[in-house]
Amino acid sequence: ESRETLMLELTSRIALLEIGRIAGIEEREARGLFDEARAVAERLQDKAGHAFLLTSYGRLCGLAGDVGQYLTCAERAAELAEGSDDAALAFEMHSVLAHAQLAVGRLAAARATAERALTEVAQVAGLREAVGRSTAPGLCRVWWALASAHLGRTAEAEAALEALLAEESERALQALYGTHAILCEVLRLRGDLPGALAHGRRAVELAEERGS
């Protein structure tokens, strides 16, 4: 088989996992697709494809309630990305890892992972431009803020989310990032119930508007 054929086999299975995450898929079928795709990624020695496969399958497991498997997949994906020479890939995988750490309640680790990734965006030459069209930077900031809030650093979390809202005026991105919903939680933790309610209502409006 040619490399192009193998790449098509890998990407098609990743796409099926992504569709399954949205539309629903049986656990056995998902595991079968993952095992088949992982074997192809290993044959290709494609670290990026393998990492994206792990995050697709991991998120699917997380939605099904197996957050431990999500974390395992995210950790392995981050290891693969760190072993590559692709700084943008490493950033994407660290953003996913921060989310997985949040999912299992590792708040300090999630905050540290997100903070390290965001620091690299600011310091590594060309990285900001490389991830400029990705949603990962915005999501990484959300994970940092959420972890910070639950660690008692609610003022920092609120400021970070307000800054993100000010930068991302596009309603689709506000809905995707869930910024208003996270701000609702942060303000609730701060005892600002009217503010929390306002952002909660805004989150619901955006979700209904986007059909989410």
So which residues in the stretch 160-198 are β-branched (Val, Ile, Thr) and modelled with pLDDT of 90 or more, if there are any at all?
-> ILE182, VAL186
Could you grab me the full set of residues in the stretch 8-35 that are in contact with a helix residue (DSSP H, G or I) (Cβ under 8 Å, 6 or more places away or on another chain), modelled with pLDDT of 90 or more and either of a type in the set (A, V, I, L, M) or exposed (fewer than 12 other Cβ atoms within 10 Å of the Cβ) (or both)?
-> LEU10, ILE14, LEU16, LEU17, ALA30, LEU33
Report whether or not ALA81 is at pLDDT below 95 and surrounded by 18 or more Cβ atoms within 10 Å (Cβ to Cβ).
-> yes
Given LEU118, LEU44, LEU71, which one is within 12 Å of the chain's Cα centre (by Cα) and not basic (Lys, Arg)?
-> LEU71
Name the pairs: first residue in the stretch 183-212 and part of a helix (DSSP H, G or I), second residue of a type in the set (Ser, Thr, Tyr) and surrounded by 15 or more Cβ atoms within 10 Å (Cβ to Cβ), Cβ to Cβ under 7 Å, at least 6 apart or on different chains?
-> VAL186/THR154; LEU189/THR154; ARG190/THR154
Matching option when the condition is closer than 28 Å to GLU129 by Cβ, touching a Phe, Trp or Tyr at 6+ places or on another chain (Cβ under 8 Å) and among the hydrophobic types (A, V, I, L, M, F, W, C), among ALA78, ALA51, ALA100 = ALA100
When the residues of the stretch 87-137 are filtered to those that are of a type in the set (Lys, Arg) and assigned to a helix (DSSP H, G or I), which remaining residue is surrounded by the most Cβ atoms within 10 Å (Cβ to Cβ)?
-> ARG111
Where GLY65 falls short, out of the listed (1) part of a helix (DSSP H, G or I); (2) free of Cβ contacts under 8 Å to residues at least 40 places away in the same chain; (3) not hydrophobic (A, V, I, L, M, F, W, C) | (1)
Could you look through the stretch 199-211, keep only residues that are modelled with pLDDT of 90 or more and open to solvent by less than 60 Å² (accessible area, probe 1.4 Å), and pick out the one that is farthest from ALA166 (Cα to Cα)?
-> GLY200
If you check GLU120, GLU170, GLU158, which single one turns out to be more than 15 Å from LEU183 (Cβ to Cβ) and touching a residue at least 24 places away in the same chain (Cβ under 8 Å)?
-> GLU120
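The values are calculated or read from the model by the stated rules, or taken from the named source; none is laboratory data. Just so it is clear, the structure is predicted and the values come from calculations on it, not from any experiment. Note that we place each Cβ from the backbone using ideal geometry, even for glycine, and neighbour counts take in every protein chain shown. What goes into the accessible areas is simple: the full protein's heavy atoms, side chains included, and nothing from ligands, DNA or RNA. Shrake-Rupley method; radii C 1.70, N 1.55, O 1.52, S 1.80 Å.
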